[in-house]
1. Return yes when PRO541 is at negative phi, outside any strand (DSSP E or B) and in the same structural domain as VAL424 (by TED's automatic domain parsing) and no when it is not.
2. Using the structure shown, decide if VAL490 is among the β-branched types (Val, Ile, Thr), in the same structural domain as GLN589 (by TED's automatic domain parsing) and closer than 30 Å to ILE609 by Cα.
3. Please determine, by comparing only the residues of region 215-240 that are under 17 Å from the mean Cα position of the chain (by Cα) and in a strand (DSSP E or B), which one is surrounded by the most Cβ atoms within 10 Å (Cβ to Cβ).
4. Being surrounded by 21 or more Cβ atoms within 10 Å (Cβ to Cβ), under 15 Å from ASP131 (Cα atoms) and not hydroxyl-bearing (Ser, Thr, Tyr) is the filter here, so list the residues in region 66-98 that pass it.
5. Anything in region 118-156 that is part of a helix (DSSP H, G or I) and either within 14 Å of THR55 (Cα to Cα) or touching a helix residue (DSSP H, G or I) at 6+ places or on another chain (Cβ under 7 Å) (or both)? List them, or say none.
6. Select the strands (runs of 3 or more DSSP E) contained entirely in region 385-503, then report the ones holding at least 2 residues which are free of Cβ contacts under 8 Å to residues at least 40 places away in the same chain and either under 31 Å from the mean Cα position of the chain (by Cα) or within 16 Å of LEU515 (Cβ to Cβ) (or both).
7. Starting from residues that are of a type in the set (A, V, I, L, M), part of a helix (DSSP H, G or I) and touching a strand residue (DSSP E or B) at 6+ places or on another chain (Cβ under 8 Å), keep the ones in region 320-347 and report whichever is nearest to HIS191 (Cα to Cα).
Amino acid sequence: MKYLTRFVSLLASGLVLTATNTLAQESPRVTPMTPDVVDAYEQVLPSADFIRRETMVPMRDGVKLYTVVVMKKGTSNAPILLSRSPYDVYKSTHRVASQRIVDILDVMDAEFAEDGYIRVYQDIRGLHRSDGEYVMNRPQIGPLNDTGIDESTDAYDTIDWLVKNTPESNGNVGIIGSSYLGFTALMAEIHPHPALKAAVPQSPMVDGWMGDDWFHNGAFRVSSLDYAVGQATNKADGGGEFALGVMDDYSRYLEAGSVADFAKMLRIEHYPGVRKFLENPAYTEFWSLQAADKWLAAEPLKVPTMIEVGQWDQEDSYGGPAVYRAMEPKDENNDMVSLVIGPWRHSGANHYGYELGALTFTGDTAREWRVEYVKPFFDHWLKGGPDPHTPPVLTYATGINKWEVSPRWPMGTAKPIYLAANGVATFERPAAAENYDYVSDPAHPVPFIPRPIDMNDSTQWKPWLVHDQRFVTDRPDVASWKSAPLEKAVHIMGAPEVELFAATNGTDSDWVVKLIDIYPNDVPEAATQGSKPGMAGDEIPIGIEIFRGRYLKSFAKPAPLEPGNVEHYRWTLPNVDHVFLPGHRIMVQVQSSLFPLYDRNPQTYVDNIMYARPGDYQKATQSIWYGGATASAVVLPVVP
């Protein structure tokens, strides 16, 4: 027996020597001077629970787009869920170095990845690893685009290639994405590929002038310059950041002067994306023909669509409801188009929905929506699952913290809350016409959040729409009207409408209106639903929106205001489902700047406000009128 044991031992040693010799033949022996650089390390090990493929998908004009396909091992007869992005899909599919599919993808993908969906991401043309030329929010083929190529055709060609070249697929495709990806999701619905069976555009960029990223009712968002330069530089792979160091953005933009002055200081005034802003401050066909809701209104409804927007979306509050208004009239059976408004910031539905700023909710509201509504929606249309009876409208009632299902939107009936004497807001229309004056000084604009301001700081930017407004309430250039403590709840479901009667002794003016929920000053800890300890007396905005006076008569043809003339301004605040609870007060604030979120209005009319000169910036006396024939109000969409 001992001889056999020795024989086996020797045999094993021989095998080891053979293996060692083989390795030595394949790889030269290393020395102290052997170079240490290798081409790449393959992170995906044989133990991984997923398959990841990279490919260049050809478009009809020969351009190829970088595309990543990810699925769990063993997937078969599965639907494809597509996202088309300007934000580097290579990185978005390497969130964590892991061998688990749920780790490498966004949290929003977890349920889909685990349930055998084929997840596909694509760099849009001209960015990151895709070929071609990038055009920001590329217009639809038509008056502004004669190339025969747009995001709709690219989506069609991508879907066509995927269903023909993904053997694990069942041939059904859904599309999802937020912000810019919401825009590309909507574009896929124009002349859609037959395999496209469902879409969930989230916080989509729809009309960059009326109320999404670039302008709001004509007032320019200065941070748009950062975005345009970053996207245009090196295929958005870096090198486009402004090298300005650490500084209060309030001071930075104030010292620069006009938008054009700031662009010139940074030497970006010749960038095409920047020039589009500087040369087109009005809502001419340059912008109006780019509005995606108008494109979709002209198209037949072919793809079941669930549109989502955050109630406090700080970037794209306009687009989702605008698309709903465009598409819903064609939904004859009220089962093809649905609208979702959740208690989230921009793209918050794809992350964690426990809280926003000081507000807290009943658990992870974002995951609730994804698991209970989005997943069953796609399962039904892409996998033949049971009809989930997707609500026509799903909203989260903040204040009482619960989901509500509605047959349509808006749901409320108009009930004005009027501005009255002595800073009172009341549901009774004042009989006599009066006015309140304040001085707006462009040299000291009202900040949109407390200083110092860093608009690249996500902790400041993401929750700014719910920031306690007490930091400006006592400023002399912020006019406030507040109700008595409410005896019963006031529930609003829709977009509050501003009816503002105002005059200025200047020739141009901005008007900012805020609708605010004032918490009781003596509220005990945790006595109010959705509040954190320390919220006593908080002034939480429910909606904030701006209007640039020069566009009073026409968005396309600005004109100077007549000094001293009382004008009637109308615009809407963002869509909300909110309950003002008993004991709370409703406040309306009016001011004439919201800086540096929006560029300063010089309050002296100039043909192109982007090029205002230092001498154009002048103080102005602003008069807010209320009562009688000039009854300024915020019209609330109130439900019983």
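The values are calculated or read from the model by the stated rules, or taken from the named source; none is laboratory data. If you're wondering where the values come from, they're calculated on a predicted model, not measured in any experiment. Don't worry about glycine lacking a Cβ; one is built from the backbone with ideal geometry, like all the others, and counts go over all protein chains shown.
1. Numbers: at negative phi: yes; outside any strand (DSSP E or B): no; in the same structural domain as VAL424 (by TED's automatic domain parsing): yes.
So PRO541 fails the test.
2. Numbers: among the β-branched types (Val, Ile, Thr): yes; in the same structural domain as GLN589 (by TED's automatic domain parsing): yes; closer than 30 Å to ILE609 by Cα: no.
Spelling it out, it is not the case that VAL490 is among the β-branched types (Val, Ile, Thr), in the same structural domain as GLN589 (by TED's automatic domain parsing) and closer than 30 Å to ILE609 by Cα.
3. The qualifying residue surrounded by the most Cβ atoms within 10 Å (Cβ to Cβ) is PHE215.
4. Of everything in region 66-98, those that are surrounded by 21 or more Cβ atoms within 10 Å (Cβ to Cβ), under 15 Å from ASP131 (Cα atoms) and not hydroxyl-bearing (Ser, Thr, Tyr) turn out to be ARG84, PRO86, VAL89.
5. First, the residues of region 118-156 that are part of a helix (DSSP H, G or I): 151-156.
Within region 118-156, GLU151, SER152, ALA155 meet the criteria.
6. The strands (runs of 3 or more DSSP E) meeting that bar are 402-406.
7. Only one residue tops the list, namely MET327.
Table: residues versus (1) in contact with a Phe, Trp or Tyr (Cβ under 7 Å, 6 or more places away or on another chain); (2) surrounded by 20 or more Cβ atoms within 10 Å (Cβ to Cβ).
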residue: MET455; (1), (2): yes, yes
residue: VAL466; (1), (2): yes, yes
residue: THR473; (1), (2): no, no
residue: TRP481; (1), (2): no, yes
residue: LEU486; (1), (2): yes, no
